[in-house]
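Data block below; observations after.
The values are calculated or read from the model by the stated rules, or taken from the named source; none is laboratory data. Just so you know, these numbers come straight off a predicted model, no measurement behind them. We place every Cβ from the backbone using ideal geometry, glycine too, and count neighbours over all the protein chains shown.
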Amino acid sequence: MASDQKFVDFVIDQIGYSGQITCKKMFGEYGLYFDDKLFALVCDNKLFVKPTLSGRAYIIDVVEAPPYPGAKNQFLIEEQLEDRDWLKKLVGITVAELPEPKPRKKK
């Protein structure tokens with residue numbers, strides 16, 4: 001089942017960081033980027049955040065699930081979606097720990 005643009009817009013609004021969060025549609029689902037770093041996926045109208053050690057420590061009671069069949073587990077964020085401050089802090093922690101994206105090769 002594909003995600004709704006309305007849900008993606010809601011998640012981006014909840015995260016904050018106006019202007020720094022973008023989304024790209026991928027196979028009916030969405031990738032969320034902070035500047036150029038992919039930090040989360042929205043699949044089946046659920047938010048999946050890339051796992052990091054700092055993120056795990058911050059969340060405490062981590063729920064992990066694959067965003068799509070065959071994918072590695074990521075942090076499934078459901079109950080905290082309404083808590084803007086908590087979500088913004090999680091994204092900041094996650095993005096800080098993720099490596100810089102590799103430069104793309106020119107074709």
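Starting from residues that are farther than 16 Å from Val62 by Cβ and under 13 Å from the mean Cα position of the chain (by Cα), keep the ones in the stretch 74-95 and report whichever is surrounded by the most Cβ atoms within 10 Å (Cβ to Cβ).
Filtering the stretch 74-95 for residues that are farther than 16 Å from Val62 by Cβ and under 13 Å from the mean Cα position of the chain (by Cα), the one surrounded by the most Cβ atoms within 10 Å (Cβ to Cβ) comes out as Val95.
Quick check on Gly55: is it in contact (Cβ under 8 Å) with a residue 12 or more places away in the chain and of a type outside the set (A, V, I, L, M)?
When the stated conditions are applied, Gly55 passes them.
Against the definition (closer than 24 Å to Lys6 by Cβ, of a type in the set (Lys, Arg) and at pLDDT below 95), how does Lys102 come out, yes or no?
Answer is no for this residue.
Of everything in the stretch 22-54, what is under 13 Å from Asp4 (Cα atoms), outside any strand (DSSP E or B) and touching a Ser or Thr at 6+ places or on another chain (Cβ under 8 Å)? Give them in sequence order.
Gly28, Asp44, Asn45
Could you look through the stretch 15-60, keep only residues that are under 19 Å from Asp85 (Cα atoms), of a type in the set (Phe, Trp, Tyr) and over 12 Å from the mean Cα position of the chain (by Cα), and pick out the one that is surrounded by the most Cβ atoms within 10 Å (Cβ to Cβ)?
Filtering the stretch 15-60 for residues that are under 19 Å from Asp85 (Cα atoms), of a type in the set (Phe, Trp, Tyr) and over 12 Å from the mean Cα position of the chain (by Cα), the one surrounded by the most Cβ atoms within 10 Å (Cβ to Cβ) comes out as Tyr58.
Suppose we keep only residues that are in a helix (DSSP H, G or I) and free of Cβ contacts under 8 Å to residues at least 40 places away in the same chain within the stretch 11-21. Which one would you say is nearest to Asp35 (Cα to Cα)?
Here the residue is Ile12.
Among residues belonging to the stretch 28-51 that are in contact with a strand residue (DSSP E or B) (Cβ under 6 Å, 6 or more places away or on another chain) and of a type in the set (D, E, K, R), point out the one that is nearest to Val63 (Cα to Cα).
Lys50
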